[in-house]
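The next block holds one structure in the form of structure tokens; read it before the comments.
Read-outs throughout are calculated quantities, based only on the coordinates presented, and are distinct from any laboratory measurement. Because the structure is predicted, anything quoted here is derived from the model rather than measured. Here Cβ is always computed from backbone atoms with ideal geometry, including for glycine, and neighbour counts include all displayed protein chains.
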Amino acid sequence: MRILIANPNTSTHMTDLMLTEACGICRADSQLLGATASFGLPQLATRAEIAVGTHALLDLLAHHRGTVDAVVVGAFCATLTEAAKEVMPVPVVGLAEAGLRSAAIFGQRIGIIGIGEADRGMTDDLLREYDMQGRVISTRYVRMTGISVAADAAGAELEIMHQAKLLIEQDNADVLLLGGSAFSGLAAKIAPKLPVPLLSCLPFAIALAETAARSGWTAPQRGSFRHPAPKSSSGLSPALTDVFAGSTPIAGD
């Protein structure tokens with residue numbers, strides 16, 4: 001079972017962090033592969049950056065079609081994941097959806113610890129996309145960029161603890177979710193220090209990808225995420241050109 005962790009930004013360090021965390025929780029018979037976008041930006045924190053990252057992600061996936069059995073999109077974002085679902089003939093799971101759906105099992109009032117800028121409203125967009133507004137009571141943002149979180153685990157732990165305390169004591173959250181690939185590996189270190197569960201998205205995304213790939217999942221022929229109708233393109237890589245031309249390889253071919 002080959003599972004690809006696809007990082008839509010250009011930070012190989014974030015890819016390595018995700019692989020390290022995932023290797024600690026995946027099934028023994030799963031082979032995890034990490035891939036990093038070959039162009040774009042080292043962090044995706046705005047809508048414009050996500051637009052660039054979506055192209056980079058689709059290009060990355062085009063080069064892996066037919067070689068993996070499932071994909072985990074390493075970003076806390078609906079837009080990236082839903083685009084990937086349209087072009088891959090295997091199950092695709094994103095961090096945000098896996099984390100949010102799982103957090104809703106373990107608590108009634110979800111608090112998100114995020115990376116970014118609250119006034120952009122991007123988390124609000126995400127919650128509307130997944131119809132989770134009624135379950136997420138608050139989002140608080142670490143005062144660090146994704147790049148600095150990935151580079152400074154000790155500093156990130158202190159900042160996460162600070163925001164977690166506010167979510168629990170002021171917002172009355174009863175389950176917390178780390179929203180971002182840069183947080184990979186931190187939840188297990190911090191969770192024992194908190195009075196409510198603190199979840200990382202990645203373990204749940206890996207588990208869902210493994211389960212879907214083993215449960216007879218088939219690529220949709222109808223509905224929201226069916227493959228786009230064949231069309232010509234220009235300026236894309238040969239691999240991505242083939243995707244939009246209508247080539248649909250089967251996993252493992």
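Among C23, C201, C77, the largest mean-square fluctuation in a Gaussian network model of the chain, built with springs joining Cα atoms closer than 10 Å, belongs to C23.
For the chain, the longest principal axis of the C-alpha atoms and the axis of helix 12-23 are separated by about 80°.
Between the Cα long axis of helix 153-169 and the first principal axis of the chain there is an angle of about 70°, rounded to the nearest 10. Each listed q (0.17, 0.18, 0.24 Å⁻¹) maps to a log10 I(q)/I(0) for segment 78-148, found by the Debye formula over equal Cα scatterers with no solvent: -0.71, -0.79, -1.16. Here's how it looks for V175: its modeled amide H is under 5 Å from those of R109, G111, which are all 5 or more places away or on a different chain. Only lysines eight or more places from K85 in sequence, or on another chain, were considered; those with a Cα closer than 24 Å are K231. Computed from Cα atoms, the angle from the helix 78-87 axis to the main principal axis of the chain rounds to 20 degrees.
Label positions at Q221 and Q31, each projected 7 Å from the Cα along the C-beta direction, are separated by 3.0 nm.
Note on the chain: GNM, Cα springs under 10 Å; of A205, A188, A45, the largest mean-square fluctuation is that of A188. Calculated FRET efficiency, A118 to K189, Cβ-Cβ distance, R0 = 25 Å: about 0.50 to the nearest 0.05. Working note: 222 nm ellipticity from helices only, DSSP H runs with n ≥ 4, each -39,500 (n - 2.57), summed and divided by the residues of the chain, gives -12500 deg cm²/dmol to the nearest 500.
For segment 96-200, the spread of Cα positions along the three principal axes, ordered from largest to smallest, is 33, 30, 25 Å.
A simple count of charges around A164, restricted to other residues whose Cβ falls under 9 Å of its Cβ and scoring Lys, Arg +1 and Asp, Glu -1, yields +3.
Taking amide H as placed 1.01 Å from N in the peptide plane, G34 has its amide H under 5 Å from the amide H of I5, each at least 5 places away in sequence or on another chain.
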